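To start, the structure itself, in structure tokens.
Each value in this text was obtained by applying a stated rule to the coordinates, not by laboratory testing. The shown structure was predicted, so the numbers you read here are calculated from the model rather than taken from an experiment. As a convention, Cβ positions derive from the backbone with ideal geometry for all residues, glycine included, and neighbour counts pool all protein chains shown.
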Amino acid sequence: MIKIRKGTINDAYGIARVQVKGWHTTYNGIVPDKFLNQMSIEEQEKKLRIGLTNKQRKERFFVAENDKSEIVGYIIGGENRYSEEYPDCGGELYAIYILKNYQRDGLGRKLVQTLVDWLKDNKFNQMLVWVLADNPAKYFYEKLGAKYLGEKQLEIEGKKLDEYVYIWDDLKHF
């Protein structure tokens, strides 16, 4: 049985573990191996501890635990970080990762719904998400009702990658 709960700073290691494994699973063949190979759980944990204590933005994170109290997935979202580019959208899904063995069983939808409920409770009516164009997760977002809004290019280890932005323009109907 999977339990979703509000995350705490003490979850940083578990989130980092899922994040690193998620990047290796999701972005293998998309992001350069050099970048993936230099990712470490410990380094990501340090970054997460800093990010999770940042109170400049209104944000929240939720974790999914299995029956052994191990974090198997997480979602982080909150105030739109791209307000200059997309000033009319208040909310954003920053990241969602689920260990491969727990995917395709409705957990992603439950995590997104949990974040959406929090966003609505905090008066956010829309939500953005950025996704690499080659990431199959874009279809997950489309299935959940997200609409393509635009794109930009980013560079990782010298490789140019297209990144799409999707929007849910009315969370009341999510």
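Calculated mean residue ellipticity, 222 nm, the chain: -10000 deg cm²/dmol, from DSSP H runs (n ≥ 4) at -39500 (n - 2.57) each, averaged per residue and rounded to 500. Model label sites at residue 120 and residue 169, defined 7 Å from Cα along the beta-carbon direction, differ in position by 1.9 nm. Over the C-alpha trace of segment 1-63, radius of gyration and Dmax come out as 13.1, 36 angstrom. Charge dipole (Cα centre; +1 on Lys/Arg Cβ, -1 on Asp/Glu Cβ; no other charges) of the chain amounts to roughly 500 debye. Using a cut-off of 19 Å between Cα atoms, the listed pairs 21/47; 21/147; 47/120 include 21/147; 47/120 as exceeding that distance. Taking the Cα of residue 113, stepping 7 Å toward and past its beta carbon, and measuring to each backbone N in segment 127-147: which are under 11 Å? Counting backbone N atoms under 11 Å from the label point, the list is empty. Does segment 34-86 come out rounded, prolate or oblate by the C-alpha gyration tensor, with a ≥ b ≥ c the root eigenvalues, rounded set by a/c under 1.5 and, if not, prolate when a/b is larger than b/c and oblate if not? Cα axes put segment 34-86 in the oblate bin. Note on the chain: GNM, Cα springs under 10 Å; of 13, 86, 74, the largest mean-square fluctuation is that of 86.
The Cα center of segment 1-54 and the Cα center of segment 65-105 differ in position by 11 Å. On full extension, the segment bounded by residue 5 and residue 157 gains 51.2 nm, given 0.36 nm per residue less the C-alpha separation. Using a Gaussian network model of the chain in which every pair of alpha carbons under 10 angstrom is joined by a spring, one finds that among 115, 93, 36 the greatest mean-square fluctuation is at 36. Taking the Cα centre of segment 16-174 as the origin and placing charges on Cβ (Lys, Arg +1; Asp, Glu -1), which of 137, 116, 30 is farthest toward the positive end of the dipole? Selected residue: 116.
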